[in-house]
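Since every read-out is calculated from the coordinates, none of them should be taken as a lab result. Just so we're clear, the structure is a prediction, and the values are computed from it rather than from any experiment. Cβ: placed from backbone, ideal geometry, glycine included. Neighbour counts: every protein chain shown.
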Amino acid sequence: MLRTVRVTRYVTPLREGGSLPAIVEAEDDGLYVLKFRGAGQGPLALVAELISGEIGRLLGLCVPELVLMELEECIGRNEPDPEIQDLLLASVGLNLGLDYLPGATMFDAAARDVVDATTASKTVWFDAFVTNIDRTAKNTNLLWWHRQLYLIDHGASLYFHYNCRDIGVAAVKPFPAIKDHVLLPWASQIAEVDGELRAKLDESTVWHITSTVPREWLQESDGPTAEGYTEYLTTRLRSSGFVDDALRAYAQLV
Ligand SMILES: Nc1ncnc2c1ncn2[C@@H]1O[C@H](COP(=O)(O)OP(=O)(O)O)[C@@H](O)[C@H]1O
Ligand SMILES: [Mg+2]
């Protein structure tokens, strides 16, 4: 179950991000990175962020705590910047927040940052499973914080939801984009971590996550139901094609 907290203050936009996420303060005095339901990507990006983020956490990877954030109209009405005001007013209601990690730095392979083989292999396995295309050298969406590697920004994963007429077919489509994963060069243990990660996922653990997605996000979009996401993920798990995609990409790299 995710916590729900109320936004008390808009602090500052995070300009690097394409979806205009922002740092906000909440009633519990915590700072969060807010992903807006009213942003251009639409509510399905928040659905992906929630489901994939919680799956990553379940697999034992570090993901900042996710919370649902209640945004009230008064926050937007008091915002002087018209672009930000529009975004805030379009997002009144439930949004997604991530615990803000102060002082975190972006993982950068070009700066010779290195990751251990187990973490790299688990991350590649996870990103192949949730079809995350946003873990490239140019845009790693990996943060170093207290010497741990944190996974952020899963809004572009689970892209089947933009065109999901036949979930069974979509779930077994190849995922060649895994070849561009920034951690692939270190991912020498994909086959070894497969059993351990797979053992953490089944229909009930997946449903436990998909069923926490706010109904209004699903209703506002043309995407699948919570049952549809569960079917997609459990079918993927059974087929194992995503593990072969990752193994093949690694083999072609080394
Ligand atoms: N939880 C967090 N703690 C600290 N910084 C963050 C956090 N989440 C995002 N950021 C910073 O904000 C930037 C944009 O966030 P991201 O989730 O990647 O959004 P976008 O979908 O717009 O790329 C990140 O590249 C990172 O620098
Ligand atoms: Mg990003």
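Of the three principal axes defined by the Cα atoms of the stretch 172-254, the extents in descending order read 45, 25, 19 Å. Mind checking the stretch 63-96 for GluC sites (Glu not before Pro) that DSSP puts in a loop (not H, G, I, E or B) and that have at most 16 other Cβ atoms within 10 Å? Sites meeting the loop and neighbour criteria: Glu65, Glu72.
Relative contact order for the chain: 21 percent, from Cα pairs under 8 Å spaced at least 6 residues apart, divided by residue count. Once you divide the Cα radius of gyration of the stretch 3-99 by 2.2 N^0.38 Å, the number left is 1.03.
Normalising the average separation of contacting C-alpha pairs (under 8 angstrom, six or more residues apart) by the number of residues puts the relative contact order of the stretch 95-162 at 36 percent. Charges were assigned to the Cβ only: +1 to each Lys and Arg, -1 to each Asp and Glu. The resulting dipole of the stretch 105-253 about its Cα centre is roughly 300 debye. When Asp222, Asp194 are sorted by how many other C-beta atoms sit within 10 angstrom of their C-beta, beginning with the fewest, the order is Asp222, Asp194.
Karplus-based coupling profile of the stretch 103-111, in residue order and whole Hz: x, 5, 10, 6, 5, 9, 5, 5, 8, with θ = phi - 60° in 6.51 cos²θ - 1.76 cosθ + 1.60 and x standing for Gly or Pro.
Across the alpha-carbon set of the chain, the Rg to Rh ratio works out to 0.96, Rh being the Kirkwood radius.
The stretch 135-163 and the stretch 1-53 have Cα centres spaced 15 Å apart. In order along the stretch 47-52, phi translates into HN-Hα couplings of 4, 4, 4, 5, 5, 5 Hz, rounded to whole numbers, per the Karplus curve 6.51 cos²θ - 1.76 cosθ + 1.60 with θ = phi - 60° and x for Gly and Pro. When the alpha-carbon atoms of the stretch 105-253 are used, the pair Rg, Dmax equals 15.6, 44 angstrom. Taking a straight Cα-Cα cut-off under 18 Å and skipping sequence neighbours fewer than 8 places away in the same chain, the lysines within cross-link reach of Lys200 are Lys122. Taking other Cβ atoms within 10 Å as a rough exposure proxy, Met106, Met69, Met1 sort from fewest to most as Met1, Met106, Met69. Cross-link partners among aspartates and glutamates for Lys179, C-alpha distance below 14 Å, same-chain residues fewer than 8 apart left out? Qualifying aspartates and glutamates at Cα under 14 Å: Asp127, Asp134, Asp244, Asp245. Using a cutoff of 8 angstrom between alpha carbon atoms and counting only pairs six or more residues apart, the relative contact order for the stretch 105-253 works out to 33 percent.
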